[in-house]
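Take a look at the structure set out below.
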Amino acid sequence: MSISSRFSVGVHILALLEYNKENTTTSDFMAASVNTNPALIRKIMGMLKKANLIDVKPGVAGAKLTKDLNEITLLDVYNAVEVVKENELFSIHKAPTIDCEVGNNIQLTLTPILHTAQKALEDQLASVTLEDVVKGFR
């Protein structure tokens, strides 16, 4: 199991926009930095725009952050780019057999454990801002 690379690419994009804010940061420039293709960058930028983390104008190169660095958390980025069904990081297999003691109890037993793990992840991501990330570059 892993979180998709959209999360780290989203953070990368936002950090690049801040780091290169005096210049026009194109999707080609970002793609070169991430080492991917510009189409993927534009797709993730669309997700970041929908979450109101960046401002992008159609037909105009470049983008800008819509908030200060200390107002954007890694949880904001995670929520913007990760497609998580019903806001659940973990999924439990459906319809195990109820004729088996394990199958009958696995969902009830695992659900609170997995919710606690997800909450811990979200709390950690919420405690780190983009400012914290960008400080590591300077």
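The values are calculated or read from the model by the stated rules, or taken from the named source; none is laboratory data. Quick caveat: nothing in here was measured; it's all calculated off a predicted structure. So basically every Cβ, Gly included, is an ideal-geometry build from the backbone, and we count neighbours across all protein chains shown.
One line per residue, one yes/no per condition, for (1) surrounded by 10 or more Cβ atoms within 10 Å (Cβ to Cβ); (2) modelled with pLDDT of 85 or more:
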{"residue": "Gly62", "(1), (2)": "yes, no"}
{"residue": "Leu65", "(1), (2)": "yes, yes"}
{"residue": "Glu88", "(1), (2)": "yes, no"}
{"residue": "Ala95", "(1), (2)": "no, no"}
{"residue": "Gln107", "(1), (2)": "yes, yes"}
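When we screen Thr66, Thr111 for residues that are closer than 22 Å to Asp28 by Cα and polar (S, T, N, Q), the only hit is Thr66. Could you check how many residues of region 69-92 are out of contact with any helix residue (DSSP H, G or I) (no Cβ under 8 Å at 6 or more places or on another chain) and on the phi < 0 side of the Ramachandran plot? Count: 6.
Among the residues of region 24-34, the ones that are more than 16 Å from Val56 (Cβ to Cβ) and polar (S, T, N, Q) come to 1 in all. In region 87-116, the residues that are over 30 Å from Asp76 (Cβ atoms) form Cβ pairs under 6 Å with partners that are of a type in the set (S, T, N, Q) and assigned to a loop (DSSP other than H, G, I, E, B), at six or more places apart or across chains, as follows: Gly103/Thr97.
Has region 83-91 got at least one residue that is more than 23 Å from Ile3 (Cβ to Cβ) and acidic (Asp, Glu)?
No: region 83-91 contains no residue that is more than 23 Å from Ile3 (Cβ to Cβ) and acidic (Asp, Glu).
Of all residues in region 1-19, those satisfying the criterion of being more than 18 Å from Glu71 (Cα to Cα) and surrounded by 15 or more Cβ atoms within 10 Å (Cβ to Cβ) are Arg6, Val9. Only residues that are free of Cβ contacts under 8 Å to residues at least 60 places away in the same chain, more than 14 Å from Asp55 (Cα to Cα) and part of a helix (DSSP H, G or I) were counted in region 1-15, giving 2.
One residue stands out in region 20-35 among those that are more than 17 Å from the chain's Cα centre (by Cα) and within 24 Å of Val128 (Cβ to Cβ): the one that is surrounded by the fewest Cβ atoms within 10 Å (Cβ to Cβ), namely Asn35.
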